[in-house]
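A short write-up of the structure that comes next.
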Amino acid sequence: MKSSAWTIAAPNTPGEPPERTRQQHEFGVALSTLRVLVGLTQEELSENSGLSVRTIRNLENGHTERPRKKTCELLAHALDLSDTETRSLLAAAGWGVRSRSVPLTELPQPRSELPLTAPGLVGRQEILAGVCRYLSGDGSTYPAGGGRLAVVTGPPGSGKTALVAHAAQLLREEFPDGQIFIDLDDSSHEPLSPAAVVLRLLRSLRGGEPSETGEERAAALRALLADRRVLVVADNADSEAQIRPLLTGSPGSAVLVAARRQLWALPQSYAVELDPLSPEEAVLVLENLLGRDRTATEPSAVQSIALSCGHLPLSLHVAGLWIAARPHRRLRELADRLVDEKDRLDTLRVGDLSLRASVAAYFRRLAPAEQEALHRLGALRGYFDVGDAATALGVSRATAADLIDDLTHHQMIWLSGPTSEGLFRYQLHDSVRLYASWAAAGGAY
């Protein structure tokens, strides 16, 4: 059991008279920490101990010069402390011998909730190394109020979850107090509320069902993350509000986020955006899945499949699994099927992996006006500018520009430019265009 995160430091010189202000602070921190860890509010501790709420509040805030020994014993009994923990609490108040490292409580065993990762991560090594370097730094480079925060964004199927999962596995030893993985898009396809995110993490870090109010839960989580080295991996983030409760401003713990949209309103972070793979990298993904012997017999088919997949890791992975499950079929059969756009979304589905489902998760988070805009923009093939978009949408250029910016932030549209004339051009991500056309024709989200 790891308890070194909660200790009482001894004075610098044995026998030295305790500094009263520091001792009051130490006792307040010790009492508050123990109360939070056992899941009690100040009101509940008051009821259990027979002390007033005001007394407990003053003790935790360091406003009581020296707690009475009987008060400490009542608190220890109300907190159900062991004999060792009771002696530690008494020592923090100046009653008894103070040791250089006295454990206050035994924390739950560190949890590792990281998902399994597939071997190899093609084309993302430089980004992966950058994320790991940043989150494993010495703390001197992290901005105030942000701490260790890295955010990975990208279009549907770009491999955000795979990248953060690989990074988290590489960083495990840097965060020995636990690695927590949380999917912020629950099974009902609704984003988790900030309060639900806090509750979920407290269950993992402390065990049991926290009984505090929402504000106390948030404070408890901040305290736990600030004083321990925990890595929190948040997948499918949809808003800044989901991430803010995880930020302590302390460099001890770290937060690694895979987001479906750019999170501009968060404190400064290490932010990276995933592009589609290069044609060579896309072919390598298929070679890794199928074996060089098989792909070498039909190189043109492999290149056609990679192109039809938009060089996106998810699409390539699904295509590779589709072929691997049919060893008697030629690669050219799949290549020809994927060339036909109307069947592409139906074909790129194996088991619970689906390109359509990946894009749908993004679509569901858009406002109705943004969804309608994508339906219409889906008819535009290739690049377009703001004027083209305004015509297709039947709106002013200013309105079209705002819609395009919003859709770009939601990873629906690719920004290119400026051209030699100083104009920016846009293009729907290929998978988004196919999905928008399918949805406009009556497909259900």
Members of the stretch 242-259 found to be part of a loop (DSSP other than H, G, I, E, B) and crowded, with 24+ Cβ neighbours inside 10 Å, listed by number: Ser253
Pairs, first within 18 Å of Leu366 (Cβ to Cβ) in the stretch 231-259, second of a type in the set (Lys, Arg), C-beta under 6 Å, six or more apart: Asp238/Arg260; Asp238/Arg365
Residues within the stretch 108-138 that are within 20 Å of Ser250 (Cα to Cα) and at pLDDT below 90, tallied: 4
For Ala389: the one exception among (1) within 32 Å of the chain's Cα centre (by Cα); (2) crowded, with 17+ Cβ neighbours inside 10 Å; (3) over 25 Å from Lys160 (Cβ atoms): (1)
Residue count, the stretch 317-338 (criterion: under 16 Å from Ser431 (Cα atoms) and in contact with a Leu (Cβ under 6 Å, 6 or more places away or on another chain)): 1
The stretch 62-76: number of residues that are outside any loop (DSSP other than H, G, I, E, B) and either farther than 14 Å from Thr86 by Cα or touching a strand residue (DSSP E or B) at 6+ places or on another chain (Cβ under 8 Å) (or both): 0
Those helices (runs of 4 or more DSSP H) lying entirely in the stretch 303-409 with at least 3 residues over 20 Å from Pro276 (Cα atoms): 313-324, 331-339, 341-347, 368-377, 386-393, 397-409
Search result, residues across the stretch 289-302 that are over 28 Å from the mean Cα position of the chain (by Cα) and assigned to a helix (DSSP H, G or I): Leu290, Arg292, Asp293, Arg294, Thr295, Ala296, Pro299, Ser300, Ala301, Val302
Pairs with Cβ under 8 Å, 6+ apart, first in the stretch 383-408 and in contact (Cβ under 8 Å) with a residue 24 or more places away in the chain and among the charged types (D, E, K, R), second part of a strand (DSSP E or B) and surrounded by fewer than 18 Cβ atoms within 10 Å (Cβ to Cβ): Asp385/Arg425
Output for the stretch 315-345, where each listed residue is surrounded by fewer than 13 Cβ atoms within 10 Å (Cβ to Cβ) and within 33 Å of the chain's Cα centre (by Cα): Ala325
Residue ID - farthest from the chain's Cα centre (by Cα), chosen from residues in the stretch 169-192 that are part of a strand (DSSP E or B) and at pLDDT 90 or above: Gln179
Residue list for the stretch 268-282, filter: touching a strand residue (DSSP E or B) at 6+ places or on another chain (Cβ under 7 Å) and either surrounded by fewer than 16 Cβ atoms within 10 Å (Cβ to Cβ) or of a type in the set (Val, Ile, Thr) (or both): Val272, Glu273
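The values are calculated or read from the model by the stated rules, or taken from the named source; none is laboratory data. This structure is a prediction, so every number in the text was calculated from the model and none was measured. Neighbour counts run over all protein chains shown; Cβ positions are idealised from the backbone, glycine included.
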